[in-house]
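Engineer: Got a structure for you, questions after.
The values are calculated or read from the model by the stated rules, or taken from the named source; none is laboratory data. Note that the coordinates shown come from a computational prediction; the quantities given were computed from them, not determined experimentally. Neighbour counts are summed over all protein chains in view; Cβ atoms, including those assigned to glycine, are modelled from backbone coordinates with ideal geometry.
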Amino acid sequence: MKKIVIGNWKMHPLTSKEAEKWLQNISKDTAKIKKTDIAICAPHIYLSNLKKISRRVSLGAQDAFWGEVGASTGEVSGEMLYGLGVKYVILGHSERRALGEDNSLINKKVKGALSAGLTPILCVGESERDESHRYFDIVKAQVRECLAGISRDSLSKVTIAYEPVWALSTTRDRRDATPNDSREMAVFIKKVLSDMSTPQIASGVRIIYGGSVNERDAEGFLREGGVDGALVGKASLDPKKFSQIVKICEALKN
Ligand code: PGA
C-alpha cells in the first residue's frame, strides 16, 4: 500500500500568510517525492487560500460536521470542504474527544465525511496503558463504534490513525511509544476490522501511527511499526522537519 505522511497543524499558525509560506516550503522541499502521499491538515479558515497554491500536497481538515448544509451555527460541513478541493478530514482526534466528542458522534461524522466524498482519518488510541491490557478493549470499542454501520465498500476508504494519547507531544509526563507498540496495535486493529468485514477488506485499510513522530524516530515507526504512514503534529509545524520525515518515508524500500 502507498505510504502517507500527514501533517496535523492543529490550531497553528496565526496567519494565513504564514500558513501559505509553510505549504510553499513543504512543496519545494518535497518536489521530487513520487511514492509517498503527502497531506497537510490545516485550520478551516486557511484551506481556501492553501488550495490555490497546493499541487501535489493534498489538503485535509481537522474536523467536519456530520449534517448537510443547514441550521448548524458554527459548523463546517464535509460537502463544503469537498467543494474547496479538500481530500482528507481528521475525525475523533484525542484533543476533540477531550472536548466531549464520543464514539457515537464520531461515527456520525465518519459517515458524513464519506458521503461528502472525503477520506476520513479516524483517530483511535488509549489514554494510558495498564497491566491488564484493557487498552486493547478501549481501542477495539473505538474502532467498532466509530465505524458502526459503514458498508464494507466504504470501510476501505477510511484511514485509521493509531495515536496513543500517552505518547503525544502535548501530553504531560508523556512517554515514548516504540515501533513495537505501534506494530502490535496495528495488527490488533486489522483483526478487529477483519472481524467486522473480511480479511481482504481489512488488509486494504490504511493504518498509520501518530504520537510525537519526528525526524529522528520516523524511520523506526515507518520501517518496523507495521503501519503505512504517520500523522505528525508538532514536527509538522517546522516545514523542514516535516519534509525530512516525508523523505525518510520515500527512502524506504516498500
Ligand atoms: P504530535 O501530535 O506529533 O505532536 O504528538 C500528533 C497528533 O496529535 O496528531
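Engineer: Is there any pair linking a residue in the stretch 171-185 that is within 14 Å of the ligand (Cβ to nearest atom) to one that is β-branched (V, I, T) and part of a helix (DSSP H, G or I), with Cβ under 7 Å and at least six apart or on different chains, and which?
Structural biologist: T171/V165
Engineer: For the stretch 104-112, indicate whether the set of residues that are over 23 Å from G70 (Cβ atoms), surrounded by 15 or more Cβ atoms within 10 Å (Cβ to Cβ), touching a helix residue (DSSP H, G or I) at 6+ places or on another chain (Cβ under 6 Å) and small (G, A, S) is non-empty.
Structural biologist: No, the stretch 104-112 contains no residue that is over 23 Å from G70 (Cβ atoms), surrounded by 15 or more Cβ atoms within 10 Å (Cβ to Cβ), touching a helix residue (DSSP H, G or I) at 6+ places or on another chain (Cβ under 6 Å) and small (G, A, S).
Engineer: Read through the list (1) in a loop (DSSP other than H, G, I, E, B); (2) more than 17 Å from L168 (Cα to Cα), then give the number of the only condition that N214 fails.
Structural biologist: (2)
Engineer: In the stretch 82-101, how many residues are hydroxyl-bearing (S, T, Y), within 14 Å of the ligand (Cβ to nearest atom) and either in a strand (DSSP E or B) or closer than 17 Å to S54 by Cβ (or both)?
Structural biologist: The number of residues fulfilling the criteria is 1.
Engineer: Next question. How do the pairs read when you match residues in the stretch 147-158 that are modelled with pLDDT of 95 or more with residues anywhere that are hydroxyl-bearing (S, T, Y) and part of a loop (DSSP other than H, G, I, E, B), using Cβ under 8 Å and keeping only pairs 6 or more apart or on different chains?
Structural biologist: So the pair list comes out as L155/S197.
Engineer: Here's a follow-up. Of the conditions (1) buried (at least 17 other Cβ atoms within 10 Å of the Cβ); (2) within 16 Å of C249 (Cβ to Cβ); (3) more than 16 Å from the ligand (Cβ to nearest atom); (4) free of Cβ contacts under 8 Å to residues at least 60 places away in the same chain, A31 fails just one. Which one is it?
Structural biologist: (1)
Engineer: Do we find a residue being of a type in the set (K, R), at pLDDT 95 or above and outside any helix (DSSP H, G or I) anywhere in the stretch 219-233?
Structural biologist: No, because not a single residue in the stretch 219-233 is of a type in the set (K, R), at pLDDT 95 or above and outside any helix (DSSP H, G or I).
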